[in-house]
1. Out of (1) touching a helix residue (DSSP H, G or I) at 6+ places or on another chain (Cβ under 8 Å); (2) in contact (Cβ under 8 Å) with a residue 60 or more places away in the chain; (3) within 28 Å of Phe394 (Cβ to Cβ), what's the single condition that is false for Ala332?
2. In the stretch 111-133, which residues are modelled with pLDDT of 90 or more, touching a Ser or Thr at 6+ places or on another chain (Cβ under 9 Å) and not in a loop (DSSP other than H, G, I, E, B)?
3. For Gly365, which of the numbered conditions (1) touching a strand residue (DSSP E or B) at 6+ places or on another chain (Cβ under 6 Å); (2) part of a loop (DSSP other than H, G, I, E, B); (3) free of Cβ contacts under 8 Å to residues at least 40 places away in the same chain fails to hold?
4. Residues in the stretch 385-416 that are without any contact (Cβ under 8 Å) to a residue 24 or more places away in the chain, touching a Pro at 6+ places or on another chain (Cβ under 8 Å) and within 16 Å of Asn221 (Cα to Cα): how many?
5. What pairs come out if I take residues in the stretch 184-208 that are under 28 Å from Thr41 (Cα atoms) and pair them with residues that are surrounded by 15 or more Cβ atoms within 10 Å (Cβ to Cβ) and polar (S, T, N, Q) whose C-beta lies under 6 Å away, six or more apart or interchain?
6. Mind listing whichever residues of the stretch 343-384 are among the β-branched types (Val, Ile, Thr) and over 17 Å from Gly331 (Cβ atoms)?
7. If you go through the stretch 291-299 one residue at a time, do you hit one that is buried (at least 20 other Cβ atoms within 10 Å of the Cβ) and in contact with a strand residue (DSSP E or B) (Cβ under 7 Å, 6 or more places away or on another chain)?
8. I'd like the full set of residues that are β-branched (Val, Ile, Thr) and either modelled with pLDDT of 95 or more or in contact with a Gly (Cβ under 8 Å, 6 or more places away or on another chain) (or both), limited to the stretch 201-233.
Amino acid sequence: MNENLKIKASIITIGDELLIGQTIDTNSAWIASSLNNIGITIQRRVAVGDEWDAIWKALEEEGSKSNIVLITGGLGPTSDDITKPLLCEYFGGKLVKNQDALNNVIEIFTKKLNRPLIERNLKQAEVPDNCIVIQNKRGTAPGMWFEKNGIIFVSMPGVPHEMKGMMEDYVIPALLKKFSIAPIQHRTLLTAGIGESFLAEKLIQFETSLPEHIKLAYLPNYGMVRLRLTDLKSNSQSILIDEHFELLKSTIQDYLVVDQDLSLQEVVAIKLMESGKTISIAESCTGGYISHLITQMAGSSQYFLGGVVSYSNEMKHDALNVPSEILKEFGAVSTQTVEMMAKGIRLLSKSDFGLATSGIMGPGGGTDTKPVGFVCVGFSSEHKTISTSFQFRFDRRRNIELTAINALDFLRKNLG
C-alpha cells in the first residue's frame, strides 16, 4: 500500500456528443464527488472527442499530473468507439477475448434481451492482454485497469449506470487498498432567504477567524446557498472543523435550512416522515416538476398522495373547485387562486397539506401588473390557508426551477 498523503486524480470523458452539447457530462461530476468522499483530490477534468490524437494527448498530459486517471466513454461496438484499440496500443498490448466478458455478452443477448448475437457484439469481450479486466454487471463492455510508470489508468463505459456500478463494486475498493488515503473533512449546510453577496458580508469576521487549512466555500443555486467548510489538512482532528462549523451555524442561524448536505426536497421529506403527515400538490406553471422532485426520493409514497397539473382555468374549477368568481376577478395567477387550489387538492386527496403554484413562466404572457416571472404559491392545512408571491427574471426553464424550489421552501416553513 502506498503511503501518499495526497493522491491526485484526473478524469477524461470521451465522446463527440459531449463536445457539441448533445449529451451532458454527468459522469465527471459523479466520479469527482465519489473520489472526494474517499480523500482523493481531483486535479483536472478533461473532455475530448472521438479522435485518436486528442485521446492520446489527454492520456499523456493527465498521466504526467495525476496518480490516477479515470476514463469514461468510447467502449461501444461501433466504428467511432476507438478507446479500446487506442489503449491497447498506448500500453503496448494486444487484443484478446476475455472468457468472463464473453460469457457476460452471451448471457445478456441470449437470455435477457432474447436477441441474436452478431460478431460486433462478440468483439465487446475483447480486451488488451496487459490489463486487469473489470467485469460489467450492468452492460456488455468490460472496464480495464492499467498501470504505467506508477500511474493507474482505469477505462470504463460512458453509460452512467454501468460506470457507477464499476466504480462502486471494483474501482473505489481497489483504490482504497492501493493507497493509504486520509478522507477530506467536509461540513455542509443549506441556507435560504439571503443572497450570496449578503451572506458573504455577514461572514467576513468568521472567515478571517478560520485557520489556514480550513476553507469556506459558497455554493449558490436557485435562490439558496450551500456553505461548505473543508479541512485541507488531512491529518488534522475533525473536532476543530466541528467547532468552526458550530460557529458558522450560529452566525447565520436566521437563514439556516439544515446543517447537512441535503436537498430541499430531502428536508421536506424528513419533516413529513417524522410527523407522519401527507402532502398533495396542484401545479399550474410548474407542470408537475415539484411532484417530480418529491417522487425522486425513495419512500415518497409514505407522504406524497398525488397531484394535479391544472393548467387551464376549467381544470382549476372542475378538479380543484376554484370558484369561477375568483378566477374571473383575480385571474389564474393570483394569491387568491393558489389558495383555493391548495385547499382543493388537499380536500380532493384527503391529505394533511396542500401546495399549489400558478405563474407566468414566459417568454410571453406577461402584463404590466403581472410580468413574466410573476409566481404565486399557496399552502393549505386544516388550520390555515395562506399564500405568497415571487418575481423571477429568467428564462422559462429557470423560472420553473426557481418556482419549484421556492415553493418547497414555503412548504418547509409551514410544516412547523
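1. (2)
2. Gln124, Ala125
3. Unmet condition: (1).
4. Residues flagged as without any contact (Cβ under 8 Å) to a residue 24 or more places away in the chain, touching a Pro at 6+ places or on another chain (Cβ under 8 Å) and within 16 Å of Asn221 (Cα to Cα) within the stretch 385-416 amount to 0.
5. Correct list of pairs: His186/Thr230; Phe206/Thr251.
6. Step one: list which residues in the stretch 343-384 are among the β-branched types (Val, Ile, Thr), which gives 345, 357, 360, 367, 369, 372, 375, 377.
Within the stretch 343-384, just Ile345 meets the criteria.
7. Pass one, the stretch 291-299, residues buried (at least 20 other Cβ atoms within 10 Å of the Cβ): 291, 293-294.
Restricting the remaining residues to those that are in contact with a strand residue (DSSP E or B) (Cβ under 7 Å, 6 or more places away or on another chain) gives 291, 294.
Checked the stretch 291-299: at least one residue is buried (at least 20 other Cβ atoms within 10 Å of the Cβ) and in contact with a strand residue (DSSP E or B) (Cβ under 7 Å, 6 or more places away or on another chain).
8. Start the filter on the stretch 201-233 by keeping residues that are β-branched (Val, Ile, Thr), which leaves 204, 208, 214, 225, 230.
Scanning the stretch 201-233 gives Ile204, Thr208, Val225.
The values are calculated or read from the model by the stated rules, or taken from the named source; none is laboratory data. What you are looking at is a predicted structure, and each value in this text was computed from that prediction instead of being measured. When we count neighbours, we look across all protein chains shown, and the Cβ atoms used for this are built from the backbone with ideal geometry, even at glycine.
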